[in-house]
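Values quoted throughout were computed directly from the atomic coordinates according to the rules given, and no laboratory measurement underlies them. Just so it is clear, the structure is predicted and the values come from calculations on it, not from any experiment. Heads up, the Cβs are rebuilt from the backbone with ideal geometry, glycines too, and the neighbour counts pull from every protein chain shown.
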């Protein structure tokens, strides 16, 4: 059996008094209903700080996030906790697993299945990244940046990462305004490029020949260049209608 453990992911457990209510006032998606959902924790201006999946485990909540950012995210959530009787800590008893087969990821069915289980030996992180980027889906600090990308520029509306009916959360005002105007001027896109585009891209994966860049929407209507290099943007079916509308 192929390895499924995503070793570069970690879990943060929130337990205690009304943890869903606590998160509901902080993150972009509705966590009071069926889980998992993809969500972001934003700045007051609506720019992404962290993105993650939120899972239910009884009355507790598990946050599926980048392992390298787990401690920083836990600290940020602790700042918001104030005097609430909530425990926020890493949980190493469970691990995140992924397989390309089946339907499960709340962002996009094509992303495949994701589940929580005992840590495995071997890892699927590289296969997951290649699969995700081939579908034009971006995530994480390297690709989204920290306080660099507005949540809707990260294609959050198209990938089910935001609720426009749930009420207030950090960064909600600017996010709701952009949605009401139906005007997202820039988008994070994955592009095929033959070489390192340097500072013109957020991320460059030489083994895949892929880069992630934040580009103006009108630039996607013409041959795209990242720095001095020609680039071929991946425009999947889930994203194309939003680009036409813009």
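How do the peptides 21-33, 229-241, 79-91 rank, highest first, by the average count of neighbouring beta carbon atoms within 10 Å per residue? Please report the intermediate quantities before stating the final value.
Numbers: 21-33: 19.8, 229-241: 16.1, 79-91: 13.4.
Ranking the peptides 21-33, 229-241, 79-91 by packing returns 21-33, 229-241, 79-91.
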Explain nothing, just the number: relative contact order of the chain, from Cα pairs under 8 Å at least 6 residues apart, as a whole percent. 21
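Looking at the square roots a ≥ b ≥ c of the eigenvalues of the Cα gyration tensor of the stretch 87-138, which shape do they give, rounded for a/c under 1.5, prolate if a/b is larger than b/c, or oblate? Display every interim value, and only then the final one.
Values: a/c = 1.96, a/b = 1.67, b/c = 1.18.
Prolate, because a/c is 1.5 or more and a/b exceeds b/c.
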On a C-alpha basis, how far is the centre of the stretch 207-221 from the centre of the stretch 1-45 in Å? Whole number, if you could? 28
Fewest to most neighbouring Cβ within 10 Å: what's the order for 163, 15? 15, 163
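Let me make sure I get this right: for the stretch 48-106, a, b and c are the square roots of the gyration tensor eigenvalues over alpha carbons, sorted descending. Under 1.5 in a/c it's rounded, otherwise prolate if a/b > b/c, else oblate. Which is it?
Details: a/c = 2.14, a/b = 1.67, b/c = 1.28.
Taking the square roots of the gyration eigenvalues as a ≥ b ≥ c, the stretch 48-106 is prolate.
Can you show me the helix-derived [θ] at 222 nm for the chain, built from DSSP H runs with n ≥ 4 at -39,500 (n - 2.57) apiece and divided by the number of residues, rounded to the nearest 500. Write out the running numbers ahead of the final one.
Details: 6 runs with 49 residues, N = 246.
Rounded to the nearest 500, it is -5500 deg cm²/dmol.
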Virtual spin-label span in nm between residue 76 and residue 121, 7 Å along Cα→Cβ: 3.6
Rounded, prolate or oblate: which fits the stretch 1-73, taking a ≥ b ≥ c as square roots of the Cα gyration tensor eigenvalues, rounded meaning a/c under 1.5, else prolate when a/b beats b/c? oblate
Sort the following peptides by mean Cβ neighbour count (other Cβ atoms within 10 Å, averaged over residues), highest first: 93-103, 144-154, 209-219. 144-154, 209-219, 93-103
How far is helix 172-181 tilted, in degrees, relative to the longest principal axis of the Cα atoms in the chain, given as a value from 0 to 90 rounded to the nearest 10? 40
